[in-house]
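Have a look at the structure below, then the notes.
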Amino acid sequence: MIEFSWVHLGFLMLAGFVGSFIDAIVGGGGLITLPAWMATGLPMAYALGSNKMASVVGAITSFTTFMRSGRVDRRMLRYMPLSVIGSVLGAVIASSLPEMLLRYIVIAALVIVALYTFFKKEWGGADQIASFSTKDLAGILFMILFLGAYDGFFGPGTGTFLIFGFLYFGYNFVTAAGNAKAMNLASNLGGIAAFLFLGKVYFIYAIPMALCEIIGAHLGAKIAISRGVGFIRTLYLIVTVLLIGKQVYEVFLR
């Protein structure tokens with residue numbers, strides 16, 4: 001039986017607010033929220049499931065805020081089911097790939113993303129791309145499916161990779177972040193469905209934390225939209241470096 005603690009609840013509510021605020025802007029909120037859940041001593045399955053439930057609520061909030069501000073390319077919405085399918089497939093094949101191999105790949109990919117973003121200072125692009133070539137559309141669809149699967153079986157850096165992908169196809173940072181929120185929401189819905197089915201959500205902590213994530217996600221999305229490309233680019237690089245540090249620590253130092 002899980003023992004309730006007011007201290008743990010307050011700690012999780014604060015972590016939920018801060019994590020969802022960061023996640024709404026550039027992703028990476030799991031750097032804050034998942035370690036917070038683990039610090040409470042909950043069994044890992046409950047920590048993952050409860051974190052996913054709270055994160056889904058925050059993702060819905062940030063997505064709707066970006067959507068209402070016109071910072072999501074509505075054409076991308078039709079491809080959200082691909083992210084759900086990818087997430088489910090990722091969960092199914094999770095046991096077939098060594099986690100350590102994935103961590104090495106993630107570290108290398110994040111370093112490339114950080115360096116490319118830092119040196120390519122002219123990245124801006126258009127809020128919404130008028131049309132895609134067949135090649136670009138195929139690339140976007142593959143990215144959505146692949147990163148949905150990645151989120152389903154591993155997860156760290158999914159939002160960061162999604163933003164980078166949309167930047168690559170010509171969007172600016174604000175719209176790339178909005179598009180990433182749509183896809184991240186879809187893959188999270190697939191994940192939480194599985195955890196709910198398995199009964200691995202501790203609602204007494206997850207519901208209050210989710211309410212705090214609503215506030216943090218709304219505030220973060222509003223600031224991202226109002227502050228624009230330069231602010232998001234800077235925060236994006238900071239979160240990417242933190243993700244690299246976390247993965248390096250877990251692979252080589254812990």
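The values are calculated or read from the model by the stated rules, or taken from the named source; none is laboratory data. For clarity, every value in this text was computed on a predicted model and none was experimentally measured. Every residue, glycine as well, gets a Cβ built from its backbone with ideal geometry; the counts of neighbours run over all protein chains shown. Note: accessible area is taken over every heavy atom of the protein model, side chains too, but ligands, DNA and RNA are not part of it. Shrake-Rupley method; radii C 1.70, N 1.55, O 1.52, S 1.80 Å.
Remark: spin-label model distance R68-L141 equals 3.4 nm, labels positioned 7 Å along the Cα→Cβ axis. When the accessible area of the chain is split by element with a 1.4 Å probe, what percent falls to carbon and sulfur? Roughly 71 percent, rounded to a whole number.
Please work out the Kirkwood hydrodynamic radius for the stretch 4-251, using every pair of different C-alpha atoms, and report it in angstroms with one decimal place.
Working: mean 1/r = 0.0561 Å⁻¹.
Here the Kirkwood hydrodynamic radius works out to 17.8 Å.
For F66, the shell of other residues with beta-carbons less than 11 Å away shows a net charge of +3, using +1 for Lys and Arg and -1 for Asp and Glu. Considering all C-alpha pairs of the stretch 155-254, those separated by over 17 Å amount to 64%. Hydrodynamic radius of the stretch 67-214 by the Kirkwood approach over all distinct alpha-carbon pairs: 16.4 Å. Shown here are the Rg and Dmax of the Cα trace of the stretch 9-48, at 10.0, 30 Å.
Rounded if a/c is under 1.5, else prolate if a/b is larger than b/c, else oblate: which is the stretch 1-113, with a ≥ b ≥ c the root eigenvalues of its Cα gyration tensor? All intermediate terms of the calculation are to be shown ahead of the outcome.
Details: a/c = 1.72, a/b = 1.17, b/c = 1.48.
It is oblate, given that a/c is not under 1.5 and a/b is not larger than b/c.
Evaluated over the chain, the count of Lys pairs having alpha-carbon atoms less than 26 Å apart is 17 (only pairs 8 or more residues apart or interchain). By its C-alpha gyration tensor, with a ≥ b ≥ c as the square roots of the eigenvalues, how is the stretch 164-218 shaped: rounded for a/c under 1.5, else prolate for a/b larger than b/c, else oblate? Taking the square roots of the gyration eigenvalues as a ≥ b ≥ c, the stretch 164-218 is oblate.
With every protein chain left in place, what is the accessible area per residue of the stretch 4-251 in square angstrom, probe 1.4 Å?
Details: 10960 Å² over 248 residues.
With all protein chains present, the stretch 4-251 gives 44 Å² per residue.
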